[in-house]
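The values are calculated or read from the model by the stated rules, or taken from the named source; none is laboratory data. These numbers come from a predicted model, not from an experiment. Please note: Cβ atoms are built from the backbone with ideal geometry, for glycine as well, and neighbour counts cover all protein chains shown.
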Amino acid sequence: MVKRRIALIGVPVLLCGLLSACGGNSNGGINANGSVTGTLRIFSYADAFAPNVFDAFTKANPDLTVEKSEIASDDGAVAKLKGGFKTDVVNTCAGPIDDEVANGSLQPIDTSRIKDWNQIYPFFTNFKGVQSGGKTWMLPLIGGAYGLVYRPSAFPIPPTSWMDLFTTNKRVTSPDDPLTNIVTAALALGYFPPQSMTKDQLNNVQDLLIKQKKHVVTYYQGAGAALATLWKNDEVDITALDLSLVNELKGQDIAFAPMSIPLAYACGFSIAKDAKNLDAVYAYLNYALSPAVQTVQATSYSYLVSSKLTVAGLPASVLAKSGQKNLDSYTKAATYGRANDQAAWTKLWQNVKGS
């Protein structure tokens, strides 16, 4: 699954009371003015580090040293963490987080230190992967519902089903990721939930993906910028995605077709197993959940946002455009999640790529 951007914008200085815990630790603490100290390592997609969306956090915490590392792909992040990469905060999404939890790469989140945890919609807190084994592994921030994003000049009649992605002779692109490809192919064939497919159903999915491959321009890697470049360069006509790219390109020869069974996702931040400066970690998590941050995510990218406090301040036009009003209906959507037979899914994708 390609990573959805976690775009942040400046918020006021976080006071000690907003951080929920003002005690220090061996790697940092909290100053009298409420700013955090020490070192904070963040492993995230590049969007979170853009100056206009990140500098406010560092300015609010001048005695905090931030070490930034960029994620290239969800699968790459999983592998890097498993290999011992050291960080404190990591950008995560439902699906890959299952592997990170299984690998022991994360530590549970203490939700009592998340100021507005009780303001998060159940759609997000109940999303597969956010909580598991009675513990919370992700602070969910944004989400969306995949349908088909298409080029109207190539599709005078909009696509109406997932199967259109696999039967078209137009130029297709997809992330270099087994989850998105296998799940959408399963939905096209009517297999639900995709994670529980039988051996025969997996074989049918593999056949469908191989047949589609001759129309695939590329299996792109990286964040949304890679797909945006392909679209701007007129190299692709259709892909599985949410509304974010349509909004980013301002509807210029790009449109969104919702599917009857959408593919929902949720992304946010998690705490790495070796994180020590927890005061700084929770300061950053509270920063990311604030309405000032999520308002930009909803208005600029048409993401679903997790906080009721944010939604209360959004105009009706934004709520309608993002689909936030349809949040309850997405609980019946297909989701990203660990397959019952993970090895079979991995082998399937290898067969498709090698065909």
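Summary table below
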read-out	value
Residue that is farthest from MET138 (Cα to Cα) [pool: residues in segment 267-300 that are out of contact with any Leu (no Cβ under 8 Å at 6 or more places or on another chain) and of a type outside the set (Asp, Glu)]	SER300
Test: residue in segment 273-286 that is modelled with pLDDT under 95, in the same structural domain as PRO96 (by TED's automatic domain parsing) and in contact with a strand residue (DSSP E or B) (Cβ under 7 Å, 6 or more places away or on another chain)	yes
Qualifying residue in segment 50-66 (condition: in contact with a Lys or Arg (Cβ under 7 Å, 6 or more places away or on another chain) and either surrounded by fewer than 23 Cβ atoms within 10 Å (Cβ to Cβ) or not assigned by TED's automatic domain parsing to the domain that holds ALA275 (or both))	no
Single unsatisfied condition, ILE142 versus (1) assigned to a loop (DSSP other than H, G, I, E, B); (2) within 14 Å of the chain's Cα centre (by Cα)	(1)
Condition check for GLY129: buried (at least 16 other Cβ atoms within 10 Å of the Cβ), touching a Pro at 6+ places or on another chain (Cβ under 9 Å) and touching a residue at least 24 places away in the same chain (Cβ under 8 Å)	yes
Residues located in segment 210-226, provided they are modelled with pLDDT of 90 or more and part of a helix (DSSP H, G or I)	ILE210, LYS211, GLN212, LYS213, LYS214, HIS215
Test result for THR184, modelled with pLDDT under 95 and part of a helix (DSSP H, G or I)	no
Selection status of VAL311, surrounded by 24 or more Cβ atoms within 10 Å (Cβ to Cβ), not assigned by TED's automatic domain parsing to the domain that holds PHE192 and not aromatic (Phe, Trp, Tyr)	no
In segment 266-287, residue farthest from PHE57 (Cα to Cα) [restricted to those that are among the small types (Gly, Ala, Ser) and surrounded by 24 or more Cβ atoms within 10 Å (Cβ to Cβ)]	ALA266
Output for segment 118-135, where each listed residue is part of a loop (DSSP other than H, G, I, E, B) and within 17 Å of LEU263 (Cα to Cα)	ASN126, PHE127, GLY129, VAL130
Criterion violated by ASP274 - all others in (1) touching an Asp or Glu at 6+ places or on another chain (Cβ under 6 Å); (2) over 20 Å from PRO122 (Cα atoms) satisfied	(1)
Selected residue (only one of LYS68, LYS115, LYS59 is assigned to a strand (DSSP E or B) and either of a type outside the set (A, V, I, L, M) or closer than 30 Å to SER300 by Cα (or both))	LYS68
Test: PHE127 is hydrophobic (A, V, I, L, M, F, W, C) and at pLDDT below 95	yes
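Okay, residues lined up against (1) surrounded by fewer than 19 Cβ atoms within 10 Å (Cβ to Cβ); (2) farther than 17 Å from ALA226 by Cβ; (3) not hydrophobic (A, V, I, L, M, F, W, C):
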position	(1), (2), (3)
ASP164	no, yes, yes
THR168	yes, yes, yes
THR173	no, no, yes
ASP177	no, no, yes
VAL183	no, yes, no
LEU189	yes, yes, no
PHE192	yes, yes, no
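Table: residues versus (1) over 16 Å from the mean Cα position of the chain (by Cα); (2) more than 28 Å from ALA72 (Cβ to Cβ); (3) not assigned by TED's automatic domain parsing to the domain that holds LEU278.
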position: VAL90; (1), (2), (3): no, no, no
position: ILE97; (1), (2), (3): no, no, no
position: ASN103; (1), (2), (3): yes, no, no
position: PRO108; (1), (2), (3): yes, no, no
position: TYR150; (1), (2), (3): yes, no, yes
position: ILE157; (1), (2), (3): yes, yes, yes
position: LEU165; (1), (2), (3): yes, no, yes
position: SER174; (1), (2), (3): no, no, yes
